[in-house]
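I have placed the structure first, in the form of structure tokens, so that the comments after it can refer back to it.
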Amino acid sequence: MLALFLQTVLGNKFIGHALVIGFFILTPVLYRYGIENRLYLYGEQTPYTYSDMNGYGHFVQALLWSTLYWLCVGALLAVFAVAFAKRGADESVRARLRMARSRAGRLLPMAGLFAALAVASGAWFYYNTHVLNQFRTAKYARDHQAEYEKLYKKYERLPQPKITTVDVAVNIYPERRSFDGTGHYLLINQADKPINEIHLTDAQEALDDVTFDRPFHQTLSDKGHFYDIYKLDQPLEPGSTLKMDFRVSYTSRGFKDGNERAEFAYNGTFFDRNYFPSVGYNRGTELDDPVRRREENLPPLEEMAPPGDPYYSNLNLFTENSDWIRFHGVVSTSPDQIAIAPGYLKREWSENGRHFFEYDMGDARINDFFSFISARFNVRRDRWKNVNLEIYYQPGHEFNLDKMIESSKSGLAYYEKNFGDYQFGQFRVLEFPRYRAFAQSFPNTVPYSEEIGFIERLKKADDIDLLYFVTAHELAHQWWGHQLIGSETQGSNMMSESLAEYSALKVMEKRYGEEMTRKDLRYELDRYLRGRAAETRHEPPLTLVQREPYVWYSKGSLVMFALADYIGEDKVNLALRNFLEKNRFAKGPFPDTRGFVAALREQTPPELQYVITDMFESIVLYDNRAVSATYVPTPDGKYKVTLKVSSQKKKADGSGNETSTPIHDLIDVGVFSGTKEHMKRLNLHKEWITQENAVFEMVVDEKPSLAGIDPYNKLIDRNPGDNLIEVDKK
């Protein structure tokens, strides 16, 4: 219709035809990458997706009304096009106006109808996106983050009580993508002086009401910047406790133009502790992009405190104003769904058309980190020793359940043997829709996206099995993150994520062998190199990592795996076990990377202490290269290989400046048969490299095809592709 209008008014058939052709070409493309992806985002039904559509979904409503609006606008333009259509030989504007007036009587009713429909649908769209819901841009969100910091960072070190008990009752309404709940915290003053103000951050704007078990009055209510202050009429003395009751809720109203809460779906609601009030200022909400901070007139991002800082050593990395808590929760949902929270199921019942579940952690203390999930689940159950294994999944998504169970059993066996007992009697994996693509480890409970797990497919049998790895990784967090928590200082993130990565890699190695491990290491090396290339602030050494996931994930897994290769897997695991036993469920001061490195050094021989320094406390880069490789047959039927290599070693600062340093390193050299994708080890051993160029000779039993230096990419090499070279006959 728009094409007809333009063609008629402009008198140019090419424009009209081009628009029509473009429409038919772009429509399927826009559908595939626009509508379909947004349907995934909002949890509606598409092939192989998790959620179904209960009536009209919120996004479907937005799509319906916006489509109706533009169709009516297009139809209105088409009416005008008909009115001004050329008739006869006179093409002047005056002639067309005369013709339009003569046709107006027949066309005005149709034009009025389309105009009325366009106004009505546009008004309804505006009402939903700007009246029922506030229209927010990315800039709006950044502005409010910045203002939160400007206004309230001054309270960051203000003494606040710590949460020791969480007891909540949550009602999930999947049919309207909403929830409400009540609860209470038990707070204790662990400071050395009285506390007369309670500060709360409401990051998700879900807090409705707060009361305390003593007289108080509210002195600040800044809903625009999610901050409230309550003054106690009688200060909370050191060692005393305070009960705080609250109400929380989130209600989906109509439909939005973007900014939908992906946490709430008709089948697959998943939201976490962020929807409940946190005590004190939360610096996790601060902008960390240097460019955005400059745009918002903020100073450079404050660095995390160094290990040993007297203040931050007494705060744990994940929840500043709580340590280990007792947890109890009752959660209700629709009658056809199962609702889950951390803890052991104590009771299940139906009442007033609702399905209720009661969960309790008993005497176990957990991190102040909990979540709620509700969906129409099937359950796969199994057992490993005294641990109940449960997988809650969407019916029809049985594809990978066996592999998840296998990874869970293998992980439990390896982690208990090497690191100590699993602290719970159950381990649960819970599927949620692919509007978010991650897995996250809560106490004995792992929400896991269908996209990266339940419907994941390996394109080739020898591809990296990320499903197996991620399951093992999230299970490992039950040790590294739910038994060991570092202080809120530089480096502590690696004691959670790097150790979970290493643990999962070891489980993968036992399952898939050396060849898969080599692919894993190369994958992590690529991710690390890409991450440091995109760094916008500065890159720290691993033991001082702050907000750099590419360091604590990818580099962390590489160097931990390499260290196990250098000093032995048993020595590394003994160091981790000793460190964990010393710091398990610490209450402050919390451990930091100084103690972690000391535990590693204790198990590392003197000649390899440099490995700890290079890998954990420095940024070291290698340029290892296989220059040439030849072989000659020997009289006894073997093959003598001569390998020439080149090695350079550099140290970098956080800004990327590099300095050459003398090399005196123990590095793998080896000879292989087969291809780079499927190598068979013929001879692999370590050699001390003490100069840039070196020559090595090795005798192997089979005809060689490849040889090289650091062939498994255990070291940080920016050009790992030249570590191997084909072996030629001399």
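The values are calculated or read from the model by the stated rules, or taken from the named source; none is laboratory data. None of these values were measured; they are calculated from a predicted model. Quick reminder, even Gly has a Cβ in these numbers, built from the backbone with ideal geometry, and neighbours come from all protein chains shown.
Answer yes or no as to whether LYS640 is in contact with an Asp or Glu (Cβ under 8 Å, 6 or more places away or on another chain) and over 14 Å from ILE725 (Cα atoms). When the stated conditions are applied, LYS640 passes them. For the range 533-545, taking the residues that are at pLDDT 95 or above and in a helix (DSSP H, G or I), the one that is surrounded by the most Cβ atoms within 10 Å (Cβ to Cβ) is identified as LEU542. When GLN190 is tested against (1) part of a strand (DSSP E or B); (2) in contact with a Gly (Cβ under 9 Å, 6 or more places away or on another chain); (3) not small (Gly, Ala, Ser), only condition (1) is not met.
When each of LEU401, LEU389, LEU412 is tested for being in contact with a Ser or Thr (Cβ under 6 Å, 6 or more places away or on another chain), among the hydrophobic types (A, V, I, L, M, F, W, C) and outside the structural domain of GLY362 (by TED's automatic domain parsing), the lone residue that passes is LEU389. Looking only at residues of the range 453-482 that are among the aliphatic types (A, V, I, L, M) and under 12 Å from LEU505 (Cα atoms), we find that the one that is modelled with the lowest pLDDT is ILE464.
Which is charged (D, E, K, R), within 26 Å of GLY588 (Cα to Cα) and in the same structural domain as GLY343 (by TED's automatic domain parsing), of ASP213, ASP167?
ASP167
Does at least one position in the range 503-523 carry a residue that is within 21 Å of LEU317 (Cβ to Cβ), touching a residue at least 60 places away in the same chain (Cβ under 8 Å), in contact with a strand residue (DSSP E or B) (Cβ under 8 Å, 6 or more places away or on another chain) and not acidic (Asp, Glu)? I'd like the intermediate steps shown before the answer.
From the range 503-523, those within 21 Å of LEU317 (Cβ to Cβ) are 503-504; that's our starting set.
Subset that is touching a residue at least 60 places away in the same chain (Cβ under 8 Å): 503-504.
Restricting the remaining residues to those that are in contact with a strand residue (DSSP E or B) (Cβ under 8 Å, 6 or more places away or on another chain) gives 503.
When the remaining residues are screened for being not acidic (Asp, Glu), the result is 503.
Within the range 503-523 (the criterion being within 21 Å of LEU317 (Cβ to Cβ), touching a residue at least 60 places away in the same chain (Cβ under 8 Å), in contact with a strand residue (DSSP E or B) (Cβ under 8 Å, 6 or more places away or on another chain) and not acidic (Asp, Glu)), the answer is yes, since at least one residue qualifies.
Among the residues of the range 137-149, is any among the aliphatic types (A, V, I, L, M), in contact with a Leu (Cβ under 9 Å, 6 or more places away or on another chain) and not in a strand (DSSP E or B)? Can you show your working first?
So in the range 137-149, the residues among the aliphatic types (A, V, I, L, M) come out as 138, 141, 146.
Filter once more, keeping what is in contact with a Leu (Cβ under 9 Å, 6 or more places away or on another chain): 146.
Checking which are not in a strand (DSSP E or B) leaves us with 146.
For the range 137-149, residues among the aliphatic types (A, V, I, L, M), in contact with a Leu (Cβ under 9 Å, 6 or more places away or on another chain) and not in a strand (DSSP E or B): present.
Conditions tested, residue by residue: (1) among the aromatic types (Phe, Trp, Tyr); (2) part of a loop (DSSP other than H, G, I, E, B); (3) modelled with pLDDT of 95 or more.
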position: GLU302; (1), (2), (3): no, yes, no
position: PHE318; (1), (2), (3): yes, yes, no
position: GLY329; (1), (2), (3): no, no, yes
position: ASP336; (1), (2), (3): no, yes, yes
position: TRP349; (1), (2), (3): yes, no, yes
position: SER374; (1), (2), (3): no, no, yes
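The listed residues are ARG283, ARG326, ARG247, ARG273, and the only one of them that is farther than 18 Å from VAL166 by Cβ, in contact (Cβ under 8 Å) with a residue 40 or more places away in the chain and of a type in the set (Lys, Arg) turns out to be ARG283.
In the set VAL695, VAL727, only one residue is within 23 Å of PRO635 (Cα to Cα) and surrounded by fewer than 19 Cβ atoms within 10 Å (Cβ to Cβ); that residue is VAL695. The residue that is nearest to HIS538 (Cα to Cα), among those in the range 275-291 that are at pLDDT 95 or above and not hydrophobic (A, V, I, L, M, F, W, C), is TYR281. Looking at the range 376-418, which of its residues are polar (S, T, N, Q), over 14 Å from GLU474 (Cβ atoms) and not in a loop (DSSP other than H, G, I, E, B)? Of everything in the range 376-418, those that are polar (S, T, N, Q), over 14 Å from GLU474 (Cβ atoms) and not in a loop (DSSP other than H, G, I, E, B) turn out to be ASN378, ASN388, ASN418. Among the residues of the range 92-111, at least one is under 56 Å from the mean Cα position of the chain (by Cα), of a type in the set (Gly, Ala, Ser) and part of a helix (DSSP H, G or I).
For residues in the range 136-153 being among the aliphatic types (A, V, I, L, M) and out of contact with any helix residue (DSSP H, G or I) (no Cβ under 9 Å at 6 or more places or on another chain), which is surrounded by the most Cβ atoms within 10 Å (Cβ to Cβ)? Before you say what the answer is, go through the steps one by one.
Filtering the range 136-153 for residues among the aliphatic types (A, V, I, L, M) gives 138, 141, 146, 151.
Imposing the further condition that a residue be out of contact with any helix residue (DSSP H, G or I) (no Cβ under 9 Å at 6 or more places or on another chain) reduces the set to 138, 141.
Numbers: ALA138: 10, ALA141: 12.
Checking each candidate, the answer is ALA141.
Being surrounded by 15 or more Cβ atoms within 10 Å (Cβ to Cβ) and free of Cβ contacts under 8 Å to residues at least 24 places away in the same chain holds for only one residue in PHE212, PHE216, and it is PHE216. Within the range 372-390, the set of residues being in contact with a helix residue (DSSP H, G or I) (Cβ under 7 Å, 6 or more places away or on another chain) and of a type in the set (Val, Ile, Thr) comprises just one member, VAL387. The set of residues from the range 470-503 being among the small types (Gly, Ala, Ser), part of a helix (DSSP H, G or I) and under 17 Å from the mean Cα position of the chain (by Cα) comprises ALA472, ALA476, SER496, SER498, ALA500.
Scanning the range 256-300 for residues that are in contact with a helix residue (DSSP H, G or I) (Cβ under 7 Å, 6 or more places away or on another chain), outside any loop (DSSP other than H, G, I, E, B) and closer than 30 Å to ALA339 by Cα yields a total of 2. Surrounded by fewer than 23 Cβ atoms within 10 Å (Cβ to Cβ) and more than 30 Å from TYR312 (Cα to Cα), is that true of ASP421? When the stated conditions are applied, ASP421 does not pass them. With the condition kept exactly as written, say whether any residue in the range 441-458 is over 28 Å from LEU499 (Cα atoms), in a loop (DSSP other than H, G, I, E, B) and polar (S, T, N, Q). No, that holds for no residue.
Given the criterion farther than 17 Å from LEU158 by Cα and modelled with pLDDT under 95, identify the matching residue among PHE212, PHE226.
Working: PHE212 fails: modelled with pLDDT under 95.
Checking each option against the conditions leaves just PHE226.
Within the set VAL645, VAL671, VAL627, the sole residue that is surrounded by fewer than 16 Cβ atoms within 10 Å (Cβ to Cβ), more than 32 Å from the chain's Cα centre (by Cα) and closer than 15 Å to ALA707 by Cβ turns out to be VAL627.
Please find, within the range 546-587, the residue that is farthest from GLN483 (Cα to Cα) out of those that are assigned to a helix (DSSP H, G or I), among the acidic types (Asp, Glu) and touching a residue at least 12 places away in the same chain (Cβ under 8 Å). If you could, list the steps in order and put the result at the bottom.
Our first condition is that a residue be assigned to a helix (DSSP H, G or I); within the range 546-587, this holds for 549-567, 569-583.
Next, only the ones that are among the acidic types (Asp, Glu) stay: 565, 569-570, 581.
Next cut, touching a residue at least 12 places away in the same chain (Cβ under 8 Å) only: 565, 569, 581.
Values: ASP565: 26, GLU569: 21, GLU581: 9 Å.
Of everything passing the filter in the range 546-587, ASP565 is farthest from GLN483 (Cα to Cα).
Condition test on GLU358, is it in a helix (DSSP H, G or I), without any contact (Cβ under 8 Å) to a residue 60 or more places away in the chain and more than 25 Å from the chain's Cα centre (by Cα)?
Here the answer is no, as GLU358 does not meet what is asked.
Tell me the strands (runs of 3 or more DSSP E) entirely within the range 665-712 that contain at least 2 residues that are out of contact with any Gly (no Cβ under 8 Å at 6 or more places or on another chain) and of a type in the set (A, V, I, L, M). Give the steps one after another, and end with the answer.
Details: elements: 665-674, 679-689, 693-700, 706-709.
It comes to 665-674, 679-689, 693-700.
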